[in-house]
1. So, of the residues in the range 169-204 that are over 11 Å from the mean Cα position of the chain (by Cα) and at positive phi, which turns out to be surrounded by the most Cβ atoms within 10 Å (Cβ to Cβ)?
2. If you take the residues in the range 394-406 that are free of Cβ contacts under 8 Å to residues at least 60 places away in the same chain and among the charged types (D, E, K, R), which one is nearest to ALA326 (Cα to Cα)?
3. Pairs only if they're at least six apart or on different chains, beta carbon under 7 angstrom, first in the range 282-302 and touching a residue at least 60 places away in the same chain (Cβ under 8 Å), second among the charged types (D, E, K, R) and not in a strand (DSSP E or B); list them, first residue then second.
4. Look through the range 33-58, keep the residues that are under 29 Å from the mean Cα position of the chain (by Cα) and hydrophobic (A, V, I, L, M, F, W, C), and return whichever of them is farthest from LEU217 (Cα to Cα).
5. Considering only the range 320-343, I want to know if a residue exists there that is touching a Gly at 6+ places or on another chain (Cβ under 8 Å), free of Cβ contacts under 8 Å to residues at least 24 places away in the same chain and in a helix (DSSP H, G or I).
6. When you go through (1) of a type outside the set (Phe, Trp, Tyr); (2) touching a Lys or Arg at 6+ places or on another chain (Cβ under 9 Å); (3) surrounded by fewer than 17 Cβ atoms within 10 Å (Cβ to Cβ); (4) under 20 Å from ARG271 (Cβ atoms) one by one for ALA311, which number turns out not to apply?
7. List every residue pair whose Cβ atoms lie under 6 Å apart, where the two residues are 6 or more positions apart in sequence or sit on different chains, the first residue falls within the range 357-370 and is outside the structural domain of ASP222 (by TED's automatic domain parsing) and surrounded by fewer than 22 Cβ atoms within 10 Å (Cβ to Cβ), and the second residue, located anywhere, is part of a helix (DSSP H, G or I) and not small (Gly, Ala, Ser).
8. Could you tell me which numbered condition THR192 fails, if it satisfies all but one of (1) closer than 23 Å to HIS304 by Cβ; (2) out of contact with any strand residue (DSSP E or B) (no Cβ under 8 Å at 6 or more places or on another chain)?
Amino acid sequence: MTETGTPRAAVPRPGTLAVHAGFEPDAETGSVSPPIYQTSTFAQDGVGSPRGGWEYARTGNPTRARLERAIAELEGADRGFAFGSGSAATATVGQLVLPGEELLVADDVYGGTFRLFERVLAPTGVVTRYLDLSAGPAAALDAACTPRTRMIWVETPSNPMLKLVDIAATARAIGSRVGARGERPLLVVDNTFATPLAQRPLELGADIVVHSATKYLAGHSDVVAGVAVTSRADLAERLGFLQNAVGAVPGPFDCFLVLRGMRTLALRVERHASNALRVARALAARPDVADVRYPGLDAGPHAHPQAALAAAQMRHPGGMVSFAPAPRDGRSAEERARRFAERTRIFALAESLGGVESLVEVPAAMTHAAAAGSALEVPAALVRLSVGIEDPDDLVEDVERALGEA
């Protein structure tokens with residue numbers, strides 16, 4: 001109750017927010033599906049007097065503003081920012097680290113993120129170091145943080161090894177640290193694999209959350225976009241400046257597609273997770289599979305070592321499964337991995353993830369080729385599955401048949 005005795009407005013739960021955030025009816029017409037402002041510029045009421053604050057679509061667009069407001073609400077943030085791709089979001093956040101400062105990165109990340117850090121930021125003088133934060137961030141960060149450390153970057157679950165990082169423990173570990181500029185290092189979490197329906201890193205102590213909105217947020221493999229959110233006013237001011245100055249923003253129709261996809265996010269992630277568990281259990285039961293990685297496997301020889309953390313930190317364990325076949329019939333594990341990926345019928349052999357359809361890839365030769373020869377090199381026999389929302393029996397049958405032929 002408020003001080004006047006009236007009931008407080010109920011805070012919508014995530015499943016409700018996913019449907020309604022940014023999608024309120026159009027104020028002018030009442031249209032339940034809001035208009036797409038497919039324009040590059042806006043008429044002004046006078047010189048230097050933009051109508052409603054809208055002046056040029058790189059700086060701001062009503063459709064993009066809806067998406068930015070929606071992702072901020074879903075992540076429990078004060079501000080959201082949309083970009084032309086997940087990599088553009090990563091690059092913009094990465095510009096918060098200046099030459100001579102340090103970026104500490106969890107040792108399993110998307111190959112494009114690794115490429116950006118090593119081949120774009122490093123030549124400018126940004127020092128990037130990689131460390132295993134999955135076993136316990138406190139000890140690793142205690143040894144790694146220096147007065148030059150500006151940012152800690154983690155993916156959890158990670159891509160493609162599905163490692164988990166305890167976000168709250170990481171935030172505590174750097175809470176009293178003095179890094180670059182005499183400030184506590186920033187904690188950035190890539191929440192693409194989990195989605196805001198599974199975990200909200202800001203509530204656990206993160207400063208910035210990023211997503212490749214191409215993946216689960218949009219959910220239909222028909223748009224490329226990225227987002228970032230924060231509740232820190234100083235970081236929001238800088239990110240807003242960089243977004244406008246660099247200009248890597250999405251078009252209004254792309255923003256609309258992401259918004260439309262987010263309306264079914266709650267339903268989709270539940271189905272992704274339940275299907276992924278079915279597939280992971282089927283893989284774990286096969287003697288010709290050497291390794292299965294899925295945060296929802298909590299028992300048996302392929303139980304995820306951080307299943308307890310997954311249960312505590314995430315509302316569901318996600319839709320991504322990675323595994324490695326065992327050698328068989330004279331074929332190496334790598335040969336079987338490639339044969340498997342080329343023989344599935346429902347799982348399409350393609351990069352990306354998070355769409356309604358199931359996808360399969362071999363990361364070492366595809367999405368993570370940039371990490372070859374580095375400390376983040378992916379095992380050649382690892383297979384990554386993005387488990388879609390199809391009938392789970394069909395997905396299991398597809399996996400079983402393709403493994404039998406591999």
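1. ARG181
2. Restricting to residues being free of Cβ contacts under 8 Å to residues at least 60 places away in the same chain and among the charged types (D, E, K, R), the top hit is ARG401.
3. Qualifying pairs under 7 Å: ALA282/GLU400.
4. Among them, the one singled out is ALA57.
5. No: zero hits.
6. ALA311 satisfies all of (1) of a type outside the set (Phe, Trp, Tyr); (2) touching a Lys or Arg at 6+ places or on another chain (Cβ under 9 Å); (3) surrounded by fewer than 17 Cβ atoms within 10 Å (Cβ to Cβ); (4) under 20 Å from ARG271 (Cβ atoms) except (2).
7. ALA370/PHE114; ALA370/ARG115
8. All conditions are met except number (2).
The values are calculated or read from the model by the stated rules, or taken from the named source; none is laboratory data. Just so it is clear, the structure is predicted and the values come from calculations on it, not from any experiment. Counting neighbours? That spans all protein chains shown, and the Cβs are built from the backbone with ideal geometry, glycine included.
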